[in-house]
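> Starting off with a structure, shown below.
Coordinate-derived values only; no laboratory data. Note that the structure is predicted; figures quoted are calculated from it, not measured. Glycine also receives a Cβ, built like all others from the backbone with ideal geometry; neighbour counts cover every protein chain displayed.
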Amino acid sequence: MDLSYGAAAEAFRAEVSAFLSLHWPPPSDLRGADLKAFVRTFRALATGEGYLYRTIPKRYGGSEQPVDVIKAQVIREEFQRARAPMEVGGNGMNMTVPTLLEKGTEEQKELFIRKTVEGDYIWGQGYSEPGSGSDLASVRTKGELSADGTKWIINGQKIWTSQGMQSTHMFMLVRTEPDAPKHDGITYLLIDLDQPGVTRRPIRQMTGEEGDHTFCEFFFDNAETPVSWQVGDRGQGWYVSRTTLKHERASIGGADGLGKQFAKLVDLAEEVGRIGDPIVRDKLAQIEGAVLAHRYSSYRIFSCAAAGEDPGPVALMMKLLLTEIGHEMALLAQELIGEHAFIEPAGAGGRGNRGPRGPEKWLDQIMGSLGNSIAGGASNIQRNIIGERGLGLPRDLAMSGER
Amino acid sequence: MHFHLTEEQKAIQDAVRGTLADSWPIERVHAFADGDEDFDRTSWDALMALGLGGMLAPDSGMGLLDAALVCEVAGEAAAAGPLIGQLLAVAAVAVHNPFSGESRGPEGPAANASWAPAFAGEQPLLDALISGEVVATLLHGDSEYAPSARAADLFLIVDRAKGVRLVPAAEAAIEAVKAADRTRPMSKVAIPEDAGETLFTAADPMAARLADAALVLVAADALGGAQKVTDMSVAYAKEREQFGQPIGRFQALKHQLAHMALAVEPARALVWYAAYAWDAALPDAPRAAAMAKAHLCDTYVNATRAAVAAHGGIGYTWEYGLNYWFRRAMADRAWLGSPAEHRTRAATIAGW
């Protein structure tokens with residue numbers, strides 16, 4: 001075992017660091033549109049150096065670099081250290097672009113990838129519906145061809161769309177062949193959300209979080225999209241969507257984030273004067289055991305990726321592990337904040353202008369940790385995945401016909 | 001950057017696994033569990049014939065990670081014998097040999113100990129330990145119990161407060177007890193304060209290093225056992241049928257098994273890290289050892305409890321054998337200090 005990245009990586013680190021010291025941060029008086037323009041130029045320069053959009057071909061605005069997880073890690077670390085912006089985030093980069101690269105037509109790639117990379121197009125995910133959660137292939141939002149066969153006409157409802165209020169476009173699963181078997185009647189469509197047939201509404205969350213940054217639900221009332229914006233064959237949308245979900249799972253994780261949150265929990269115990277309490281110390285160290293297991297397992301998965309080896313079932317466990325640790329932290333935080341639990345934290349959900357906040361701010365984590373058991377594959381589905389794909393247990397009879 | 005096992009490390013584990021499958025099959029475990037011995041010469045000799053005894057000698061080209069990988073397989077097989085004590089005795093004696101002219105360590109030849117290593121015959125003590133001919137067991141400084149004490153030639157006392165001593169069996173008063181852990185039976189041991197030779201004083205960093213290494217090796221034993229009972233449970237769930245189908249198809253059990261695996265598989269990296277940190281002498285090595293011992297020993301007990309529950313009635317029988325790992329889990333947990341004790345240490349080391 002050796003956790004150093006090696007001399008070549010350290011030389012590369014020096015290059016990245018030199019680049020950053022030249023181009024970041026922006027002048028401190030830059031504001032508004034000027035700041036946005038600066039960030040845009042910075043990203044273009046960083047892409048030119050091969051630091052960003054490494055898996056995206058140059059002709060679509062990427063830097064088209066050979067796969068190198070060590071270099072990618074060094075770039076992440078140096079950008080984080082400098083607090084420099086990396087790639088634009090969100091569903092577009094995580095899901096639309098990889099799907100289009102794998103399954104899109106040349107026209108679709110030309111139309112969408114560069115605009116997404118440059119942050120002009122923001123993508124919402126149109127998968128879940130009020131009646132379709134874990135059983136995603138049961139979607140009922142309907143797509144019908146227009147009389148002239150050039151457009152899909154869409155009717156129905158989608159829900160739980162992140163960045164929904166900002167989204168310019170959506171990728172969605174729509175039932176186009178109502179008589180076909182469940183999985184074979186779905187088509188994967190891209191749609192422009194700026195049209196009269198689309199209505200969006202933010203969902204107020206249990207944390208109280210609301211407003212422009214929260215999840216949305218979407219209503220489609222004879223919304224339209226060109227047939228040429230259909231990805232993959234008609235009726236094959238389920239299989240197209242498998243590409244993107246895979247990418248979403250791979251992008252949830254973040255051992256450093258968990259470690260930082262644990263450090264804050266220790267700070268909380270100090271702040272409320274409970275750090276000397278043997279029960280609190282024991283519980284903290286118990287949680288830290290799991291936090292470290294998660295961290296070192298992420299090293300293991302990373303190391304296997306660098307060597308081109310399969311890490312085995314542990315990779316399937318990381319999301320559930322993260323979720324379970326979040327619950328444990330929530331339970332201890334709940335004990336530690338005591339009567340601060342009477343107070344609703346300013347800026348619910350941790351957003352917005354909120355000023356200084358006391359220990360009650362942990363209510364955001366205490367409630368937010370519940371969201372982790374649901375988003376990106378619910379915990380009970382994760383347990384099925386670990387049991388069936390990881391341990392080789394037989395599929396549930398109710399789902400044995402599923403794919 | 002490398003943080004997964006090499007092909008060579010996997011091959012060592014396979015060799016140990018195969019050797020124990022031959023020399024320590026479940027029939028032998030059953031017979032041993034009902035017998036009075038606290039040591040099994042056949043499986044011990046088979047393991048030592050692989051050359052494992054010298055893994056922690058500074059010139060072996062191996063380290064604590066390799067030793068931990070071997071202890072993991074020993075835990076998986078619920079192997080008899082004081083493997084951890086033997087490995088640590090070699091690590092200790094290789095650095096400070098109490099017998100004249102034998103030291104390979106930086107301190108050079110030491111003064112003759114007051115007792116002669118008669119049991120070693122003509123060969124140097126270190127060689128006799130490496131070959132497994134001389135058997136050493138570990139006695140934790142705060143404990144009155146040691147595994148395979150009746151068979152041991154030497155006791156390696158590791159005590160963070162008092163240092164490390166090597167004591168010949170002749171100076172130890174050993175009282176056999178009916179041991180709960182049937183695969184690695186403990187006896188009660190009393191050793192006079194001035195018996196044997198001090199190899200390292202408490203102030204010598206080697207004393208704490210050896211204590212930390214012991215924690216990592218017990219954590220590795222626990223990892224192997226926890227994985228073993230998880231594997232047994234998964235295999236049983238695929239084969240056992242109720243209501244006309246394999247019980248592993250039912251979500252209630254599937255989710256229990258998923259949680260067993262979720263507790264064990266990520267914890268593997270905790271053992272790797274603690275061993276790597278010890279080998280590289282990283283500043284957080286002592287804390288990593290404490291965290292690994294605490295976390296893995298809790299995990300092992302929980303896994304064996306869950307395994308019995310997952311099996312149902314058959315798991316509660318003596319002859320199915322799950323109880324051997326359950327008992328070993330209880331022993332690993334209590335040995336060298338409980339999880340709570342090591343978590344307290346870890347908290348203090350972290351400065352909170």
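> Say a paramagnetic label sat at a point 7 Å from the Cα of A:LYS142, along Cα to Cβ; which residues of the stretch A:206-224 have their backbone N under 17 Å from it?
What the label zone holds, given the 17 Å backbone N cut-off, is A:219-224.
> How big is the charge dipole of the protein assembly as shown about its Cα centre, in debye rounded to the nearest 20, if each Lys and Arg gets +1 on its Cβ and each Asp and Glu gets -1 on its Cβ?
For this selection, approximately 2060 debye.
> Here's another thing I want to ask about it. Return the ratio Rg/(2.2 N^0.38 Å) for the protein assembly as shown, where Rg is computed over Cα atoms only.
1.10
> Counting other beta carbons within 10 Å of each residue's own, what order do B:VAL70, A:VAL240 fall into, fewest first?
With the sparsest Cβ surroundings first, the list reads A:VAL240, B:VAL70.
> Which part of the stretch B:42-60 falls in the paramagnetic zone of B:ALA176, meaning amide N under 18 Å from the point 7 Å along Cα-to-beta-carbon?
Taking a point 7 Å out along Cα→Cβ of B:ALA176, the residues of the stretch B:42-60 whose backbone N falls under 18 Å are B:42.
> Looking at A:SER21, A:SER138, B:LEU87, which one has the Cα that reaches farthest to the positive end of the dipole of the protein assembly as shown (charges on Cβ: Lys, Arg +1; Asp, Glu -1)?
Checking the options against the dipole of the protein assembly as shown, the answer is A:SER138.
> Still on this structure, I have one more. Where does the stretch B:205-350 land on Rg(C-alpha)/(2.2 N^0.38 Å)?
1.16
> If you don't mind, there's one more thing I want to ask. For the protein assembly as shown, build the charge dipole from Cβ charges (+1 Lys, Arg; -1 Asp, Glu) around the Cα centre, then report which of B:ALA340, B:GLN123, B:LEU65 sits farthest towards its positive end.
The residue sitting most towards the positive pole is B:ALA340.
> Could I ask something else about it? Quick one: angle between helix B:285-311 and the longest Cα principal axis of chain B, in degrees between 0 and 90, rounded to 10, please.
Around 40 degrees separate the two axes.
> Would you kindly derive the ³J(HN,Hα) couplings of the stretch B:189-206 from the backbone phi angles with the Karplus curve 6.51 cos²θ - 1.76 cosθ + 1.60 (θ = phi - 60°), listing them in order in whole Hz, with x for Gly and Pro?
10, 10, 10, x, 3, 9, 6, x, 10, 7, 8, 9, 6, 4, 6, 6, x, 4
> Show me, for the stretch A:173-189, the HN-Hα J-couplings you get by feeding each phi into the Karplus relation (A = 6.51, B = -1.76, C = 1.60, θ = phi - 60°), rounded to Hz, glycine and proline as x.
9, 10, 7, 10, 10, x, 8, 7, x, 2, 6, 9, x, 10, 10, 9, 10
> Can you give the FRET efficiency to the nearest 0.05 for A:LYS260 and A:THR199, using r as the Cβ-Cβ distance and R₀ = 45 Å?
Rounded to the nearest 0.05, the efficiency is 0.70.
> Further question: With charges only on Cβ, +1 for K and R and -1 for D and E, what is the dipole size of the stretch B:135-176 about its Cα centre, in debye, rounded to 20?
140 debye
> Next question. Quickly estimate the mean residue ellipticity at 222 nm for chain A, helices only: each DSSP H run with n ≥ 4 gives -39500 (n - 2.57), and the total goes over all residues, rounded to 500.
-14000 deg cm²/dmol
> Quick one: angle between helix B:64-77 and the longest Cα principal axis of chain B, in degrees between 0 and 90, rounded to 10, please.
On a 0 to 90 degree scale, this one is about 50.
> Post the alpha-carbon centroid distance, the stretch A:380-401 to the stretch A:269-284, in whole angstrom.
If we compute the Cα centre of each part, the gap is 39 Å.
> Once both labels are modelled 7 Å past Cα along the beta-carbon direction, what's the B:GLN123-B:GLN9 spacing in nm?
Output for this residue pair reads 2.9 nm.
> State the dimensionless ratio Rg/Rh of chain A (Rg: radius of gyration of Cα atoms; Rh: Kirkwood radius).
0.97
> Please get the size of the charge dipole for chain A, origin at its Cα centre, with Cβ charges of +1 on Lys and Arg and -1 on Asp and Glu, quoted in debye to the nearest 20.
Once rounded to the nearest 20, the dipole reads 240 debye.
> Which whole number in µm²/s is D for chain B by Stokes-Einstein, with the Kirkwood Rh taken over Cα pairs at 4 °C and 1.567 mPa s?
Estimated diffusion coefficient is 63 µm²/s.
> Along the positive direction of the dipole of chain A (beta-carbon charges: Lys, Arg +1; Asp, Glu -1; about the Cα centre), which of A:ASN372, A:THR168, A:VAL69 reaches farthest?
Of the candidates, A:VAL69 comes out farthest on the positive side.
> Kindly point out which whole DSSP H helices in chain A project their C-alpha atoms 30 angstrom or further along the helix axis while averaging a Kyte-Doolittle hydropathy of -0.5 or above.
Membrane-span-like by this rule: A:278-307, A:314-337.
> Given axes a ≥ b ≥ c from the Cα gyration tensor, I'd like to know whether the stretch B:155-212 is rounded (a/c under 1.5), prolate (a/b larger than b/c) or oblate.
Oblate.
> In nanometres, what is the gap between the two model label sites at B:ALA190 and B:ALA252, each 7 Å from Cα along Cα-to-Cβ?
Taking the two extended label points, one gets 5.3 nm.
> Helix B:7-23 versus the longest principal axis of chain B: what is the Cα-based angle in degrees, 0 to 90, to the nearest 10?
The angle comes out near 80 degrees.
> Go ahead and set up a Gaussian network model of chain A, Cα springs under 10 Å, then flag whichever of A:GLY371, A:GLY273, A:GLY211 fluctuates most.
Result: A:GLY273 has the largest fluctuation of those listed.
> Also: Roughly how compact is the stretch A:253-336, stated as its Cα Rg over 2.2 N^0.38 Å to two decimals?
1.23
> Hey, another quick one. Which pairs in the list A:LYS36/A:LYS264; A:LYS115/A:LYS260; A:LYS264/B:LYS254; A:LYS103/A:LYS151 are over 23 Å apart, alpha-carbon to alpha-carbon?
A:LYS36/A:LYS264; A:LYS115/A:LYS260; A:LYS264/B:LYS254
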